[in-house]
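Data block below; observations after.
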Amino acid sequence: MKRWVPVGLLLLAVALSLYPLEATGYGVRVMLQLFMWIALAQSWNLISGLTGYVSFGHVVFFGTGAYASSLLRGPYFAIAMLGLNEVMRVIVSYYEGLTGGGNGLSLPTLDASLAIYYAMGLVAAGVTAVTYAILTSRFGLRLMTIREDEVAAEAMGIDTLRYKLYALMLSAIGPGIVGGLSARDQGYIEPISVFPLIMTITMIVMALFGGKGTIWGPVLGATVLFFFQEAVWARFVYLHQLLFGAIIVAVVLLMPRGILGVLQQKYNLPRTI
């Protein structure tokens, strides 16, 4: 069974690489958005799924990456808390001379949707590969030890603060890159659009729905919920958020460990799959 996994992943990568050659413009943009959500959900999983520290402000890295890319500035803040997200939103709104304030920034039109499609796909694959490498290493084992019992982890000699900071920094890279790519793809950004709390909530729900603390849970959750949201939005323009929220609540209450958690219990699968 395991030997077929690399073959399946290779075939999937080839199919996604050739997809833009035959797809419509809408199809390319849908897949581009899916790649973005996989990268975001997987990045959140690196800090919250492995250490147990829930981040409600992870979109700060997305928004800061968007502005950093737009202003050609490299460094961005590395504190994943809701308060920082609000602070950053206020800052970029206040400094109108640099960020455009509430009026936002218009970026040069690059007409590079195809290039951004491949770049976004590589980011999604890269974050998933990093998750796999971490979960199958001693570093990942120590992070999961912190998640299960931080006091016991410290008693075992694990420098919990240092490992949590490492996980936080790793989880910030994906959203930062994705934010920069999204800014270039959209051609226009403003504070409300790149620091929305709903984006953090969505990436959290996607990771929880698929199964946090696993390799493929965020990928599965992002894929299923993204396409479900697209289908509901197309049919119920005014009710899609309500329906989407109701199903999310039902799933989280009935399957707290996510889809993969249910499959792990039923088929005795490894916890980190």
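The values are calculated or read from the model by the stated rules, or taken from the named source; none is laboratory data. It should be emphasised that the depicted structure is a prediction, and the values quoted were computed from it without experimental measurement. Positions of Cβ are backbone-derived with ideal geometry, glycine not excepted, and every protein chain shown enters the neighbour counts. Only protein heavy atoms, including side chains, enter the accessible area calculation; ligands, DNA and RNA are left aside. Shrake-Rupley method; radii C 1.70, N 1.55, O 1.52, S 1.80 Å.
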Next on the checklist: Go through (1) in a helix (DSSP H, G or I); (2) in contact with a helix residue (DSSP H, G or I) (Cβ under 7 Å, 6 or more places away or on another chain); (3) surrounded by fewer than 24 Cβ atoms within 10 Å (Cβ to Cβ) for G57 and report which single condition fails.
Outcome noted: (1)
Checklist outcome for this item: Restricted to segment 4-52 and to residues being within 17 Å of the chain's Cα centre (by Cα) and of a type in the set (F, W, Y), the residue surrounded by the most Cβ atoms within 10 Å (Cβ to Cβ) is W44
Next on the checklist: What pairs come out if I take residues in segment 179-193 that are more than 21 Å from L114 (Cβ to Cβ) and pair them with residues that are of a type in the set (K, R) whose C-beta lies under 7 Å away, six or more apart or interchain?
Outcome noted: P191/R89
Item to check | Enumeration of residues in segment 138-158 that are among the hydrophobic types (A, V, I, L, M, F, W, C), open to solvent by less than 60 Å² (accessible area, probe 1.4 Å), within 19 Å of L46 (Cβ to Cβ) and out of contact with any Lys or Arg (no Cβ under 9 Å at 6 or more places or on another chain) | outcome: F139
Checklist outcome for this item: The lone condition L135 fails out of (1) within 19 Å of G217 (Cα to Cα); (2) surrounded by fewer than 17 Cβ atoms within 10 Å (Cβ to Cβ) is (2)
Next on the checklist: Take V90 and tell me if it is surrounded by fewer than 16 Cβ atoms within 10 Å (Cβ to Cβ), at pLDDT 65 or above, closer than 23 Å to T200 by Cβ and of a type in the set (A, V, I, L, M).
Outcome noted: yes
Checklist entry - Among the listed residues A246, A222, A207, A231, which satisfies the condition of being farther than 30 Å from L50 by Cβ and part of a helix (DSSP H, G or I)? => result A231
Item to check | Inter-residue pairs, beta-carbon under 8 Å, first within 16 Å of V60 (Cα to Cα) and in segment 22-42, second outside any helix (DSSP H, G or I) and open to solvent by less than 30 Å² (accessible area, probe 1.4 Å), 6+ apart | outcome: L40/H58
Checklist entry - Looking at L161, L170, which is the one that is open to solvent by 30 Å² or more (accessible area, probe 1.4 Å) and free of Cβ contacts under 8 Å to residues at least 60 places away in the same chain? => result L161
Item to check | Residue under evaluation G213, criteria (1) of a type in the set (G, A, S); (2) over 16 Å from L40 (Cβ atoms); (3) part of a helix (DSSP H, G or I), criterion not met | outcome: (3)
Item to check | Selection within segment 249-269 - part of a helix (DSSP H, G or I) and open to solvent by 70 Å² or more (accessible area, probe 1.4 Å) | outcome: V249, L253, L254, Q265, K266, Y267
